[in-house]
1. In terms of the Cα gyration tensor, with a ≥ b ≥ c the square roots of its eigenvalues, is the stretch 124-172 rounded because a/c is under 1.5, prolate because a/b exceeds b/c, or oblate?
2. GNM, the chain, Cα, under 10 Å: largest mean-square fluctuation among Ile61, Ile213, Ile95?
3. Taking the Cα centre of the chain as origin and charging only Cβ (+1 Lys, Arg; -1 Asp, Glu), how large is the dipole, in debye to the nearest 20?
4. Of Asp186, Asp12, how do they rank once you tally other Cβ atoms within 10 Å and put the fewest first?
5. Can you give the charge dipole size of the stretch 36-133 about its Cα centre, rounded to the nearest 20 debye, using +1 on the beta carbon of Lys and Arg and -1 on the beta carbon of Asp and Glu?
6. Quick one: order Ser311, Ser54, Ser88 by neighbouring beta-carbon count within 10 Å, fewest to most.
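No value in this document is a laboratory result; all are computed from the given coordinates. Model, not experiment: these values are computed from the prediction. Note that each Cβ is placed from the backbone with ideal geometry, even for glycine, and that neighbours are counted across all protein chains shown.
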Amino acid sequence: MKKEAKFWKKMDDTKVQCNLCSHNCKINKGKVGICGVRKNENGILYTLIYGSVSSLASDPIEKKPLYHFHPGTYAFSIGTIGCNFKCSHCQNYSISTADTSFPYMKELTPGQVVDLTKQHNCQGVSYTYNEPTIWHEFCLDSAKVVKKAGLYTCYVTNGYISEEPLRELSYYLDAMNIDIKAFNDDFYRKICKSRLEPVLNTCKLAKELGIHIELTYLVIPGYNDSLDEVRKFCKWIVENLDDKTPVHFSRFHPDHDMINVKMTPMETLLKIYEAAKQTGILFPFLGNVFHGKYENTYCPKCGNILIERNSYTIDLEGLNKGKCRKCGYQLPIIINKYIK
Ligand code: SF4
């Protein structure tokens with residue numbers, strides 16, 4: 001659905017600038033920005049996708065992945081079309097590269113998002129599948145009513161949102177899983193057609209604004225899998241965020257324009273897991289490996305298993321009111337109030 005956009009300014013009689021994300025696109029009359037879903041019509045910028053949903057499902061919160069945020073709950077997950085990144089390895093390219101002619105769209109109001117969340121017995125809403133930033137107007141409006149209904153909200157995002165919209169959203173956004181595509185700007189420029197620094201700035205600002213954050217790093221053989229790069233990334237987290245930030249190192253499988261790159265070897269992931277721990281990350285995880293050991297949360301003080309995970313099945317027995325049952329260590333976790 002078309003609606004006047006937020007965060008833009010007129011440059012002259014025909015050209016506008018969108019400031020929703022760090023691309024800051026200058027858009028001529030009749031054209032769309034890089035994301036493909038914000039259009040300059042007669043000198044006014046419109047979002048073309050307000051309330052337009054391409055995908056919806058009830059997902060375990062662990063699938064986002066968010067491991068220290070309401071574990072064991074389900075998030076009503078919605079996404080639209082388009083993306084402000086152009087990643088060669090995109091795993092959701094059927095929607096991220098789609099335009100408004102995409103045939104499977106459903107129009108929802110913010111109130112219907114709440115109704116559907118309840119009908120699906122979910123405890124919150126996840127804006128996911130494609131980049132939620134480019135859907136800002138609808139995410140903001142729906143997050144307001146979702147929060148009012150006592151449910152949680154979370155983003156699965158590339159972190160390219162500008163400062164002002166993130167500040168506005170932060171009142172209604174509880175958590176973000178932010179993708180760090182690589183810890184080098186070259187990768188961002190060549191593979192994603194974007195830049196690393198704005199993403200790192202978003203991580204810092206989100207933390208400052210009190211949003212729960214977890215990071216995901218998809219390990220692609222030959223592209224971002226050097227231990228040196230991973231150590232630099234982990235050091236940055238420890239120095240700029242918190243050593244308690246959960247970090248998910250995820251296994252790559254061939255997709256889109258990277259169909260000829262091999263799946264990440266387990267050996268590489270194990271080395272990265274150890275390197276992350278040695279660099280001071282207290283809660284590293286391996287994703288897409290389906291090996292419980294590397295999905296568990298361990299107590300950094302006594303080594304007890306605090307949360308045991310087996311794919312999307314979880315066991316919170318190691319915790320008592322958010323503390324280690326053995327040594328009393330307080331795990332920085334947003335424990336669910338939704339599960340008795
Ligand atoms: S949201 Fe879209 S139009 Fe706006 S700056 Fe980002 S890519 Fe450009």
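1. Numbers: a/c = 2.01, a/b = 1.36, b/c = 1.48.
Here the stretch 124-172 falls in the oblate category.
2. Result: Ile95 has the largest fluctuation of those listed.
3. Working: 44 positive and 36 negative charges, 82 e Å.
The calculation lands at about 400 debye.
4. Details: Asp186 11, Asp12 7.
Fewest to most other Cβ atoms nearby, the residues stand as Asp12, Asp186.
5. Values: 7 positive and 7 negative charges, 20 e Å.
So the dipole magnitude of the stretch 36-133 works out to roughly 100 debye.
6. Numbers: Ser311 12, Ser54 22, Ser88 17.
By the 10 Å Cβ count, ascending: Ser311, Ser88, Ser54.
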